[in-house]
1. Counting Lys +1, Arg +1, Asp -1, Glu -1, what net charge surrounds residue 29 among other residues with beta carbon under 10 Å of its beta carbon?
2. Ignoring any ligand, DNA or RNA, what whole percent of the accessible area of the chain comes from carbon and sulfur when the probe is 1.4 angstrom?
3. Would you tally the net charge around residue 10, using a Cβ to Cβ cut-off of less than 13 Å, leaving residue 10 out, and scoring K and R as +1, D and E as -1?
4. State, as an integer percentage, the relative contact order of the chain based on alpha-carbon contacts under 8 Å between residues 6 or more apart.
5. Run lengths n ≥ 4 of DSSP H only: what is the helix-derived mean residue ellipticity at 222 nm for the chain, with -39500 (n - 2.57) per run over all residues, to the nearest 500?
6. Tell me, rounded to the nearest percent, the portion of alpha carbon pairs in the chain spaced more than 23 Å apart.
7. Which value in nm describes the separation of the simple spin-label points at residue 89 and residue 41, placed 7 Å from the Cα toward the beta carbon?
8. Just the number please: accessible area per residue for the chain, 1.4 Å probe, all protein chains included, in Å².
Amino acid sequence: MDIAVIGTGFIGGILGRALAGAGHHVTFGSRHPDDDQVADNTQATVAAIAEALTRAEVVILALPGAAVAELTAAHADALARKLVIDATNQMGQPVANSRAALPSNVRYARAFNTLGGENMADPVFADGPADLFFSAPEADRATVETVITGVGLHPIYLGDDQ
């Protein structure tokens, strides 16, 4: 699967490297595409955000929640009709997710926002992988589950837009 991880910080790096290690084609979308340190000896690549979005079947938003509106303003056409997995948190805001800042024509899923990055970096415990709650349109459920298991987590589906 072609996955764009928009964001090269702690969470984006963990998710992208894990997915690359699981065999997915990962492109980190970055404002600094010449800095490929986030790929850290994986098959992942780093590109400008526009290029990463063009290649992707799935987009994971792993950037500060406050930055999503700016991303949408610059790349709304490239996000159109894509499956967007929102891993952001709008801390201190009435609504924690970034759905309202995205184009209305994306296929919206919510995941990777309920566990700390340390749990995603090392998701397996004595009794198995950590559970990760997620929501997605039913038609995209299997794809989101594939992404979640690619990180090493156990997906728990909550329904559409939950």
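1. +1
2. On the chain, the fraction of accessible area on carbon and sulfur atoms equals 50 percent.
3. After counting each charged neighbour, the total is -1.
4. RCO, the chain: 19 percent.
5. For the chain, the value works out to -8000 deg cm²/dmol.
6. Looking at the chain, the distances longer than 23 Å represent 30 percent of pairs.
7. Using points 7 Å along Cα→Cβ, the separation is 3.0 nm.
8. Accessible area per residue: 49 Å².
The values are calculated or read from the model by the stated rules, or taken from the named source; none is laboratory data. Predicted model, so just to flag it, every value in this text is computed and none were measured. All Cβ positions, glycine included, derive from the backbone under ideal geometry; neighbour counts span all protein chains shown. The area values use the complete protein model at the heavy-atom level, side chains included, leaving out ligands, DNA and RNA. Shrake-Rupley method; radii C 1.70, N 1.55, O 1.52, S 1.80 Å.
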